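I have placed the structure first, in the form of structure tokens, so that the comments after it can refer back to it.
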Amino acid sequence: MAVRRIFVVGAGTMGHGVGEVAALRGFDVILYDVKQEFLDSAMSKMKWSLDRLAERGSIRSSSEVLSRVSTTLDLESGARQADFILEAAPERIEIKRDIFSRLDRAARPGVVLATNTSSLPVTEISESVSESRRGAVVGMHFFNPPVIMQLVEVVRGKHTGDEAVRITYDLAMALGKQPVAVNRDVPGFIVNRVMARFLNTACMLVEKGIHKMDEVDAAVRYGLGMPMGAFELSDYIGIDVLDDIIQAMRSRGFTMTPCELYGRSRAAGKLGVKSGEGFYPHPGSKFRKPQLDASLAGRVDPVLLIAPAVNEAAYLLRDGIASRDDIDKAVRLGLNYPRGIFEYADSYGLDAIAAALRRLEDILGSREYEPDPLIVDMVGRGKLGVKSGEGFYQHAAGA
């Protein structure tokens, strides 16, 4: 089925963002929400964004793009007209299951039913539709803001068919995005799993008094070369959002001891930028980049910080959940890392990664840092990365 008209369920930040992307690429878009005021707000935000693009000469006019967008308060009517459906409702499983059961009854046969969930299982959502339709349910996880962020995780649930994956992957490319394939429906997919390991470990090192917050963030920014420190990024995401992601993943089998600083900050109403304060102050609820002394970076071993993320990525690769190249693409595009996670591993050395993980096991007292069998095997075979000429990648001798 050729996709010409896309039905977006939910007109919030992600929904109207994806709708704008689709309209910019020439698709007809129907935007749904439960109240007219939500739809009016979404259209106003889209117009503002498109006006900025027109001012920069990126498009001819905002009105031309907006002419391809219509709105509706009737879920079933929108579903009946669509060639492709993307649900972008709040991250609550009962809401999504109710929406999908209604879409199942209204959508035409063969129409893909995609969910933009970032943390809920595609499989659980798919089991709210009839058995004959489950193969059409797939994850299509955009990143915020959709107009700017290039990554889309295409997630195969337990029941998802090959055709739904192909259509969704092709649509992501037609929208000008760079999709990655998540071959199995694991909690957090690629990006959130890697991010959670990284941020939670950084937080635990501070919680346990091993390092200070500014030391950790200086090491992340100046040592690892990342655009934001770990606590800085937590404030930007929203400490409540990060805590919800971790808890949703843990409730579905992801093994992690959450850093208590997240819960304490949340209980105190210090949620990050949105509340005006998180780990750092953000006056007026506007993001304020903290000033960090670059000389503090040397007090923290950067390998300690990156090793848990490498370990998680190694599991994803070993278990066939995603390919090496897709995992590295996902962290570069979804987390804005300057290098792929496996590129970091090869640079520092797989032996150093394994040693750092064992040190974290010791100082944090958790088996969740046990080196993945893939890393152990690679170290045992002398595939250490740049220093040995081969790791996750091939390297020129003496590089």
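Is it the case that Ser118 is in contact with a Phe, Trp or Tyr (Cβ under 9 Å, 6 or more places away or on another chain), open to solvent by 10 Å² or more (accessible area, probe 1.4 Å) and under 23 Å from Val194 (Cβ atoms)? Answer is yes for this residue.
Conditions (1) over 26 Å from Glu153 (Cα atoms); (2) hydroxyl-bearing (Ser, Thr, Tyr), marked per residue:
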residue: Glu64; (1), (2): yes, no
residue: Leu73; (1), (2): yes, no
residue: Gln81; (1), (2): no, no
residue: Ala89; (1), (2): no, no
residue: Ile93; (1), (2): no, no
residue: Leu113; (1), (2): no, no
residue: Ser118; (1), (2): no, yes
residue: Thr123; (1), (2): no, yes
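Asp244 meets all of the listed conditions (1) assigned to a helix (DSSP H, G or I); (2) at pLDDT 95 or above but one, namely (2). Which of the following residues is in contact with a helix residue (DSSP H, G or I) (Cβ under 9 Å, 6 or more places away or on another chain), of a type in the set (A, V, I, L, M), open to solvent by 10 Å² or more (accessible area, probe 1.4 Å) and assigned to a loop (DSSP other than H, G, I, E, B): Leu317, Leu296, Leu292, Leu261? When all the criteria are applied, what remains is Leu292. For Val69, the criteria (1) touching a residue at least 12 places away in the same chain (Cβ under 8 Å); (2) closer than 19 Å to Phe38 by Cβ; (3) surrounded by fewer than 19 Cβ atoms within 10 Å (Cβ to Cβ); (4) out of contact with any Phe, Trp or Tyr (no Cβ under 7 Å at 6 or more places or on another chain) hold in every case but one, which is (3).
The listed residues are Phe392, Phe342, and the only one of them that is touching a residue at least 12 places away in the same chain (Cβ under 8 Å), part of a loop (DSSP other than H, G, I, E, B) and touching a Lys or Arg at 6+ places or on another chain (Cβ under 7 Å) turns out to be Phe392. Identify, from the list Asp83, Asp74, the residue that is exposed (fewer than 15 other Cβ atoms within 10 Å of the Cβ) and in contact (Cβ under 8 Å) with a residue 40 or more places away in the chain. Among Asp83, Asp74, only Asp74 is exposed (fewer than 15 other Cβ atoms within 10 Å of the Cβ) and in contact (Cβ under 8 Å) with a residue 40 or more places away in the chain.
Out of Ala219, Ala267, report the one residue that is in contact with a Lys or Arg (Cβ under 9 Å, 6 or more places away or on another chain), of a type in the set (Gly, Ala, Ser) and farther than 23 Å from Asn144 by Cβ. Within the list Ala219, Ala267, the selection yields Ala219. Condition (residue is in a loop (DSSP other than H, G, I, E, B), in contact with a Leu (Cβ under 7 Å, 6 or more places away or on another chain) and over 30 Å from Pro187 (Cβ atoms)) applied to segment 60-79: is it met by at least one residue? No.
The values are calculated or read from the model by the stated rules, or taken from the named source; none is laboratory data. Model, not experiment: these values are computed from the prediction. FYI the Cβ positions are ideal-geometry reconstructions off the backbone, even for glycines, and counts take in every protein chain you see. Remember, those area values only see protein heavy atoms, side chains included, never the ligands or the DNA or RNA. Shrake-Rupley method; radii C 1.70, N 1.55, O 1.52, S 1.80 Å.
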